[in-house]
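The next block holds one structure in the form of structure tokens; read it before the comments.
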Amino acid sequence: MMTGVRTRVYARPVRILIIAAVIIFLVLWVRAVIDVFQRRDLSNSAKAAWALIMLILPFIGLLIYTMLRPGERTA
């Protein structure tokens, strides 16, 4: 009989965690898309391809772009 009370108790923290994860993902995704278009080493077609990949497969595209992106060079 207490299952209804338990689900209400856990529902709020879980909802907050999900919202936080979605917000973090959206911020990272927007930053990656902006980064794609600011890169000078990519051609226009490569920029369009990365943008399409991240638009069609947002999580996987972001993960792949983050892993394959060259690091920042310090002068």
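Condition (residue is assigned to a helix (DSSP H, G or I), of a type in the set (Gly, Ala, Ser) and modelled with pLDDT of 95 or more) applied to region 50-57: is it met by at least one residue? Break it down into steps so the answer makes sense when it comes.
Within region 50-57, the subset assigned to a helix (DSSP H, G or I) is 50-56.
Then keep just the ones that are of a type in the set (Gly, Ala, Ser); that gives 51.
Add one more test, that the residue is modelled with pLDDT of 95 or more, and what stays is none.
Checked region 50-57: no residue is assigned to a helix (DSSP H, G or I), of a type in the set (Gly, Ala, Ser) and modelled with pLDDT of 95 or more.
How many residues, within region 10-36, are closer than 15 Å to Leu62 by Cβ and either over 13 Å from the mean Cα position of the chain (by Cα) or touching a residue at least 60 places away in the same chain (Cβ under 8 Å) (or both)?
So the first thing to find is which residues in region 10-36 are closer than 15 Å to Leu62 by Cβ, and the list is 21-36.
Imposing the further condition that a residue be either over 13 Å from the mean Cα position of the chain (by Cα) or touching a residue at least 60 places away in the same chain (Cβ under 8 Å) (or both) reduces the set to 36.
So the count comes out to 1.
The values are calculated or read from the model by the stated rules, or taken from the named source; none is laboratory data. None of the values given here were measured: they were computed from a predicted structure. Using ideal geometry, Cβ is built from the backbone for each residue, glycine included, and neighbour counts are taken over all protein chains shown.
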